[in-house]
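Presented below is the structure to which this report refers.
What follows draws every value from the coordinates through simple rules; no lab data is involved. Just so you know, these numbers come straight off a predicted model, no measurement behind them. Glycine gets a Cβ as well: all are built from the backbone with ideal geometry, and neighbour counts include every protein chain shown.
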Amino acid sequence: MGGIDVPADRYWGAQTQRSLVHFAIGNDRMPKRVYRAYGYVKKAAALVNAAAGRLPQWKADAIVRAADEAIAGKLDDHFPLYVWAASTSSRFIDGIVQAAPPPIRSRVAASDTRLP
C-alpha cells in the first residue's frame, strides 16, 4: 500500500490514516458511544486475561488505563473514522490500545486483549 504520513499529534496508525484518505465520504463519524463501549470490552478482556494468567499484570494495567481514558471520552479526538468505512471500523476495538499515549502503545499489542 505504500507509506503514509500520520500527524504526529494523533495516536492512530497508518491503517486509520489510509481509511481517512480513501473513505472520506460525507461527515458521518462513528458514534462516540460505539468506541466508548468497545473500551469496556477491551478493559474486561484485559482483566479476564490477566486473572487467567494469559496476560502480564503490567500489560493489563496499561490496557485498563487506556480503556478508561477511551470510556471517559479523553481520547475522542483520536477516533476519527467514518461510519462508511465498515471494514476499518471493525478495528475500533483494537484502536482502543492504538489510541493510547505512546508509552502504552509501544509496549502493548492490540491482540493482548482478545477474549479467550
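Couple of notes before you dig in:
- Neighbour-count ranking [beta-carbon atoms within 10 angstrom, fewest first] of TRP58, TRP12: TRP58, TRP12
- The order of PHE23, PHE79, going from fewest to most other C-beta atoms within 10 Å of their C-beta, is PHE23, PHE79.
- Relative exposure of ILE25, ILE71, judged by other C-beta atoms within 10 Å (fewest first): ILE25, ILE71
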